[in-house]
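Just so it is clear, none of the values below were taken in a lab; they were calculated from the coordinates. The shown structure was predicted, so the numbers you read here are calculated from the model rather than taken from an experiment. Here the Cβ positions follow ideal geometry from the backbone for every residue, glycine too, while neighbour counts run over all protein chains shown.
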Amino acid sequence: MKKFIFLFLLSVSVNTFAQKQPAKTEQPKNQPQTQTQAQPQPQQTGVSPLTEHFYKKYVTAVKWNDFEVAKSALYDLIIENPQNDSLILSLAYHYYENQQHVPAVLVSQQLLARNPKNAAALEIAAIGYEAMGVNDRALQSYESLYLLSNNMNVLYKMAFLQYDLKRYNESITSIDILLANKEAQAAKVVYNDVENKPKEYPMTVALLNLKGLAVLDHLGDKSAAKKLFDQALAAAPDFVLAKQNLNKVK
């Protein structure tokens, strides 16, 4: 979620006004446009002078890394154009980028009240709730997002949250779906190695380790858990968590 996303969202918003279209746009909100759009001229396009002023204020503030002024300009734009979801989503991204999780969640909830299937708002809400330690609400948001996207990375997050919430059967089901997924089998995740340095590991290694923990905590089956930890270590002998968990069950 970089600066160009903010600029793209606002560009979409201003051009939406110019074309006198509804607030929602068919263009994806999380991808940059391939061509630069010209600044709209109020006298020609119907954009209000105040809206154009706040838009230029926002663009300039982002260019100069003054995010407090950029946030102020976003609020001004939203007040002028309260029905434009792209502007509100830009504000949610702003809070996300600055790790202000409470307002990020609150803003995303405003969008979800309008459209419960807003995938970008669901993701911001999920990340915010998880950062605040509200794992049950984070899981709800990820579940809704997964139903929309069928994204394996979302299911991966769900499996860990389900485990943390002691919903072991659900966690194991999510893990099994991922272990059978060819895309997940080729995916990588980052964990610290034995030297406490970040290193890429196959996603399946982390999933086997997590399943071992779920089996151990839920069923108390040390033998089954040991097999899963062994499988993880067979694929990645230096995977620290699996080593630690294997030592616990021996």
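Diffusion coefficient of segment 167-250 by Stokes-Einstein, Kirkwood radius over Cα pairs, 4 °C, 1.567 mPa s: 101 µm²/s. Can you put Phe160, Phe229, Phe239 in order, fewest other beta carbons within 10 Å first? Lowest to highest Cβ neighbour count: Phe160, Phe239, Phe229.
Distance between the C-alpha centres of segment 215-250 and segment 62-130: 41 Å, rounded to the whole angstrom. Counted by neighbouring Cβ atoms within 10 Å, the residues Lys188, Lys71 run from fewest to most as Lys188, Lys71. Residues whose amide H lies under 5 Å from that of Lys199, counting only those 5 or more places away or on a different chain, are Tyr191, Asn192, Asp193; hydrogens are built 1.01 Å from N in the peptide plane. Each residue in Val105, Val134 was given a count of other beta-carbon atoms within 10 angstrom of its own, and listing them fewest first yields Val134, Val105.
Evaluating 6.51 cos²θ - 1.76 cosθ + 1.60 at θ = phi - 60° for every residue in segment 94-107, the Karplus couplings come out as 4, 5, 4, 4, 9, 6, 9, 6, 4, x, 4, 5, 4, 5 Hz, glycine and proline recorded as x.
Taking packing as the residue-averaged number of other Cβ atoms within 10 angstrom, the listed peptides 90-99, 56-65, 121-130, 161-170 run from highest to lowest as 121-130, 90-99, 161-170, 56-65.
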